[in-house]
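Structure first, then comments.
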Amino acid sequence: MTGAAPAVAAPPGHVELAASVLGHNDRLARALRERLEASGVAMFNVASSPGSGKTRLLEALLTRMVPAYGAAALVGDLATDRDARRLARSGAPVRQIVTDGLCHLEAAMVQDHLIGWDVGECRYLFVENVGNLVCPAAFDLGEAARLVLQSVTEGEDKALKYPPMYSSADLVVITKSDLAEAAEFEREACRAAIHEVNPGVAILETSAKTGAGLDDLVRALVHIRDDALGLGPGRQAAPPA
């Protein structure tokens, strides 16, 4: 006999515990956001499924942004510091968060890994979240904006499969655009799916390999930081000396 599996009720106390965990996380995130913005720092929570090209795009982005604006990165992984070492090649200050199997980052982890680190010298802080489009959607890290990455090889209906993550995105970045033709990527179908879940969200196409779209992405991040810090047109803070 086939059909949908019967709904399973959450164990007693499960809902209350989840609400308590998220409530504590949200309080820490708000305080962290206020502290970072008071220091002139905008933090970006970068989320995606595994294999989207997140680390490669961040390396290319940091390479462009470090000399012009000042940028740093925190990297979340279940194990190893391989991605942190890759990002450090950009010249950006980088720290690794090893979650020991946890499938997402939480505000407390970010807060703990910023202790003793003067990120005020960097105007942009990127947090590379664990490769997962489910659990990270529920956890605010104190970011100024959430970036969701999706490669052209992942299919056009990704947003419809993971609506909580996509609906929380402030910017959706399509990666590996140099492979679009080979992957038979249907651009308009992908955009329609994203906008069905998150109407009006900005979508940018990029390629870390060719550099396509990276200048547009940098401009978008500068605009987001200006908005978060209350900087009006013509009042953008100068790059650090």
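Since every read-out is calculated from the coordinates, none of them should be taken as a lab result. In this text, all values refer to a predicted model and were calculated from it rather than measured experimentally. Ideal geometry is used to build each Cβ from the backbone, glycine not excepted, and the neighbour counts take in all protein chains shown.
Data overview
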{"read-out": "Ranked list, fewest to most other Cβ atoms within 10 Å of each Cβ, for Ile115, Ile97", "value": "Ile115, Ile97"}
{"read-out": "Sequence-distant residues sharing a close amide H with Leu171 (under 5 Å, placed H)", "value": "Arg146, Val148"}
{"read-out": "³J(HN,Hα) computed for each position of the stretch 71-88 - Karplus, 6.51 cos²θ - 1.76 cosθ + 1.60, integer Hz, glycine/proline x", "value": "8, 9, 8, 10, 10, x, 8, 5, 7, 6, 10, 4, 5, 4, 5, 5, 5, 5"}
{"read-out": "Nearest-20 debye value, the stretch 18-228 charge dipole, Cβ charges on Lys, Arg, Asp, Glu", "value": "420"}
{"read-out": "In the stretch 122-212, trypsin sites (Lys or Arg not before Pro) in a DSSP loop with at most 15 other beta-carbon atoms within 10 Å", "value": "Lys209"}
{"read-out": "Most mobile listed residue (Ala159, Ala19, Ala193) in the chain, GNM with C-alpha springs under 10 Å", "value": "Ala19"}
{"read-out": "Segment Leu78-Asp118, length gained on full extension (0.36 nm per residue, minus Cα span)", "value": "11.9 nm"}
{"read-out": "Backbone HN-Hα couplings from phi across the stretch 163-172 [Karplus 6.51/-1.76/1.60, Hz, Gly and Pro as x]", "value": "x, x, 5, 5, 5, 8, 6, 8, 7, 10"}
{"read-out": "Value of relative contact order over the chain, rounded to a whole percent, pairs C-alpha under 8 Å and six or more apart", "value": "22"}
{"read-out": "In the stretch 139-241, the GluC sites (Glu not before Pro) that fall in loop regions by DSSP, at most 13 other Cβ within 10 Å", "value": "Glu181, Glu184"}
{"read-out": "For Glu205, residues with placed amide H under 5 Å, excluding near neighbours", "value": "Ile174"}
{"read-out": "Cα-based equivalent ellipsoid, the stretch 111-221: semi-axes from gyration tensor eigenvalues, Å", "value": "26, 18, 12"}
{"read-out": "Phi to ³J(HN,Hα) by Karplus 6.51 cos²θ - 1.76 cosθ + 1.60 over the stretch 136-145, Hz, x for Gly, Pro", "value": "x, 4, 8, 10, 6, 9, x, 6, 6, 7"}
{"read-out": "The chain: mean projected area of Cα convex hull, nm²", "value": "15.6"}
{"read-out": "Under 5 Å, built H, 5+ apart or other chain: amide partners of Leu78", "value": "Thr99"}
{"read-out": "Helix-derived mean residue ellipticity, 222 nm - over the chain, DSSP H n ≥ 4, -39500 (n - 2.57), to 500", "value": "-11000 deg cm²/dmol"}
